[in-house]
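Colleague: I'd like to ask you about the structure that follows.
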Amino acid sequence: MNLQTLGGFHSFRQLTRSVLPHPSNPTLAYLYRRFLTRRLLHQIPAGKFLEIGVGSGRFYEELEERGFSGLCLDLNPDLIRQHQTWRKTTRNLIEFRSFDFFALREKFDLILAFEVLEHYQDDEICLRKWESLLGPKGTLIFSVPAHMRQWTRNDARAGHARRYEKNELLSKLAATSFHTEVIWCYGFPILNWTYPLSSLVFKNEPAALEQIERRCPALAQSIQPSISMPADQIDCDYKGAQAHAADFERTSQSGNRGLPGWSNWIFHEWLWFPWLQLQRPFLEGNRGIGFIVKCRKN
């Protein structure tokens with residue numbers, strides 16, 4: 001993909017939109033991923049999308065503006081309730097469920113999975129499941145953290161099984177029917193400086209981990225296939241996230257980032273726009289903190 005597609009400024013409405021009105025704030029890395037994903041959506045016609053691990057993000061709003069409808073999943077029912085509350089007064093083209101994607105059988109035109117694959121011990125099973133959920137010529141856009149040398153306690157806290165190298169990622173995709181169209185290594189140079197510091201700003205880590213352990217049994221039950229989901233859209237023989245995740249409890253809570261209140265004021269895209277543009281010359285390299293990938297099902 002030609003990097004010229006990164007040129008040009010967004011509309012003032014996009015740049016000044018409040019990122020999240022509720023307390024679960026995004027991270028700076030989230031802004032980078034959203035900025036790049038917007039460009040990867042060029043020339044993808046509107047259709048039915050699936051976002052796996054929606055977390056605290058609201059990229060689905062931009063998909064809705066482009067004419068998409070779809071389903072947003074997360075293992076954390078609290079986050080799903082937040083999105084459902086937020087969406088009460090808006091259009092009804094998007095459904096939110098605390099549901100395990102391994103149990104799905106329906107087909108989608110576009111799948112988005114940001115910071116999901118690294119949570120699974122057998123990530124190739126995960127890729128094959130995503131492949132099965134895409135219709136013919138469907139598109140997968142996903143992101144993963146880059147380089148094991150950049151492993152920090154954030155990775156352990158989030159329940160990651162690994163960080164990826166570019167050749168490893170390409171090799172695993174080559175074993176599927178996916179054709180890789182774009183693989184960018186994003187974030188250099190800014191996120192390389194800020195990422196190691198991010199573990200210092202998370203609040204109340206011990207209490208959060210104790211809460212995960214206490215709630216795990218109820219949480220596991222809450223994400224079982226719902227009887228309100230049409231039977232032909234559920235894979236009743238699935239082995240799901242609990243079986244494949246490196247650390248299910250931490251994975252289920254990884255989208256719930258307890259960042260300090262001041263982050264609500266500084267993580268706005270228009271403030272960071274010059275720094276988002278600064279990464280452009282380095283995207284085709286291998287120096288950033290994460291990979292973002294666009295591939296198409298053959």
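Colleague: Quick one: in the stretch 61-84, which of the residues that are within 14 Å of the chain's Cα centre (by Cα) and part of a strand (DSSP E or B) is surrounded by the most Cβ atoms within 10 Å (Cβ to Cβ)?
Modeller: Selected residue: CYS72.
Colleague: Please enumerate the residues belonging to the stretch 164-184 that are touching a residue at least 60 places away in the same chain (Cβ under 8 Å), among the aliphatic types (A, V, I, L, M) and part of a loop (DSSP other than H, G, I, E, B).
Modeller: Hits for the stretch 164-184: nothing passes.
Colleague: Right, another one. Mind checking which residues of the stretch 85-109 are closer than 25 Å to ILE44 by Cα and in a loop (DSSP other than H, G, I, E, B)?
Modeller: ARG87, THR90, ARG91, ASN92, LEU93, ARG105, GLU106, LYS107
Colleague: Among what's in the stretch 174-190 and is surrounded by fewer than 16 Cβ atoms within 10 Å (Cβ to Cβ) and among the hydroxyl-bearing types (Ser, Thr, Tyr), pick the residue that is farthest from LEU283 (Cα to Cα).
Modeller: First, the residues of the stretch 174-190 that are surrounded by fewer than 16 Cβ atoms within 10 Å (Cβ to Cβ): 174-175, 177, 179-181, 189.
Of the ones still in play, those that are also among the hydroxyl-bearing types (Ser, Thr, Tyr) are 177, 180.
On the way: SER177: 25, THR180: 15 Å.
Here the residue is SER177.
Colleague: While we're looking at this one, here's another question. Looking at (1) modelled with pLDDT of 95 or more; (2) not in a helix (DSSP H, G or I), which is the one condition that is false for HIS160?
Modeller: Failing condition for HIS160: (1).
Colleague: Would you please name the residue that is modelled with the highest pLDDT, looking only at residues in the stretch 85-102 that are surrounded by fewer than 19 Cβ atoms within 10 Å (Cβ to Cβ) and more than 25 Å from LYS129 (Cβ to Cβ)?
Modeller: THR85
Colleague: Given the residues GLU124, GLU115, which is the only one that is buried (at least 21 other Cβ atoms within 10 Å of the Cβ), touching a residue at least 40 places away in the same chain (Cβ under 8 Å), of a type in the set (D, E, K, R) and over 16 Å from GLY47 (Cβ atoms)? Don't jump to the end; show me each part of the working.
Modeller: Details: GLU124 fails: buried (at least 21 other Cβ atoms within 10 Å of the Cβ).
Answer to the selection: GLU115.
Colleague: Further question: Name the single residue, out of those in the stretch 246-298 being basic (Lys, Arg), surrounded by 18 or more Cβ atoms within 10 Å (Cβ to Cβ) and modelled with pLDDT under 95, that is nearest to ALA29 (Cα to Cα). Full working, then the answer.
Modeller: Start the filter on the stretch 246-298 by keeping residues that are basic (Lys, Arg), which leaves 250, 257, 280, 287, 294, 296-297.
With surrounded by 18 or more Cβ atoms within 10 Å (Cβ to Cβ) added as a condition, the list becomes 250, 257, 294, 297.
Imposing the further condition that a residue be modelled with pLDDT under 95 reduces the set to 250, 257.
Values: ARG250: 19, ARG257: 12 Å.
Taking the candidates together, the pick is ARG257.
The values are calculated or read from the model by the stated rules, or taken from the named source; none is laboratory data. This structure is a prediction, so every number in the text was calculated from the model and none was measured. Virtual Cβ from ideal backbone geometry, glycine too; neighbours counted across all protein chains shown.
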